[in-house]
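Structure record follows, encoded as structure tokens.
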Amino acid sequence: NLFVTDTTNYDDFYIADEREYKIKISYKDSSNNYQTYWQGWLLVDQFQEAVTSTPYPITLRGYDALGSLGGFTQPLTTSAGVQITGSFMVFIHEILENINLGFDIYVSNDIQKDSASSGYNVFDQVSCGADSFFSDGVDPKNCKEVLEQILKFTNSRIFQSYGRWYIINNSSYSEQSKKILVQQQQMVVQFQLGLEPPKQQAYKLIMMRV
């Protein structure tokens with residue numbers, strides 16, 4: 001836990017930018033190397049500090065920033081001013097770039113177009129222009145709305161796991177996938193509360209200023 005003392009304080013967390021402090025939770029694999037378990041950003045507007053005499057602990061919370069995509073307008077044109085046209089995956093990639101975690105995107109979705117080549121999924125096969133994601137044909141939607149529209153159209157969901165973005169079909173949402181989500185939620189809660197992580201693996205938490 002982090003403690004405020006007579007000589008140490010964390011006032012910078014009150015004024016930090018929402019993308020200033022990155023949180024990384026790693027686990028030790030069978031080869032004794034640390035691998036990414038979860039990454040996100042410090043949620044600065046929920047930084048909690050007790051009003052009491054020192055020393056006292058502070059509470060920090062992190063998030064993967066998917067919920068913050070509502071603050072970004074969907075990309076409409078390239079730097080050359082040409083309207084963006086491409087597959088759903090092009091739009092998803094551009095949208096997730098706003099989160100700035102640098103993860104690869106993995107897809108498990110068995111929806112395909114008729115006569116589609118094997119090895120491709122609906123996100124690669126369906127193309128559209130940016131004007132397909134306008135409200136009432138006039139106002140561009142924000143990135144969160146566009147991502148939600150694509151996921152609803154393809155009956156999919158997105159989540160972060162072990163340093164990757166996963167997009168999976170809701171109809172094939174397996175018990176194993178649920179276990180991954182539950183484990184991650186428990187892991188984040190444990191670190192928030194300052195509890196010990198599971199004993200079967202070694203974990204470490206790093207918070208870095210970027």
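Since every read-out is calculated from the coordinates, none of them should be taken as a lab result. Because the structure is a prediction, the values reported are computed rather than measured. We place every Cβ from the backbone using ideal geometry, glycine too, and count neighbours over all the protein chains shown.
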Say each of Thr54 and Ser30 gets a label point 7 Å from the Cα, pointing the same way as Cα to Cβ; how far apart are those two points in nm? 4.8
By how many nm would the segment from Phe159 to Asn9 lengthen if fully extended, with 0.36 nm per residue of separation less the alpha-carbon distance? 50.6 nm
Non-local amide H neighbours of Val4 (under 5 Å, H modeled in plane, Pro and chain starts lacking H): which ones? Tyr56, Ile58
Theoretical gain in end-to-end length, Arg209 to Asp17 [0.36 nm per residue, Cα-Cα removed]: 68.1 nm
Taking amide H positions as placed in the peptide plane 1.01 Å from N, state which residues far from Ser156 in sequence (5 or more) or on other chains have amide H under 5 Å from it. Asn170
Can you give the FRET efficiency for Thr73 and Asn170, using 1/(1 + (r/R0)^6), R0 = 22 Å, r = Cβ-Cβ distance, to the nearest 0.05? 0.20
Enumerate the amide H contacts of Phe72 below 5 Å, restricted to partners 5 or more residues apart or on another chain; note that Pro and chain-start residues carry no placed amide H. Cys143, Lys144
Taking the highest mean first, how do the peptides 141-151, 32-42 order by number of other beta carbon atoms within 10 angstrom per residue? 141-151, 32-42
Return the distance in nm (one decimal) between the two label points of a simple spin-label model at Asp131 and Asn100, each offset 7 Å from Cα along Cα→Cβ. 3.3
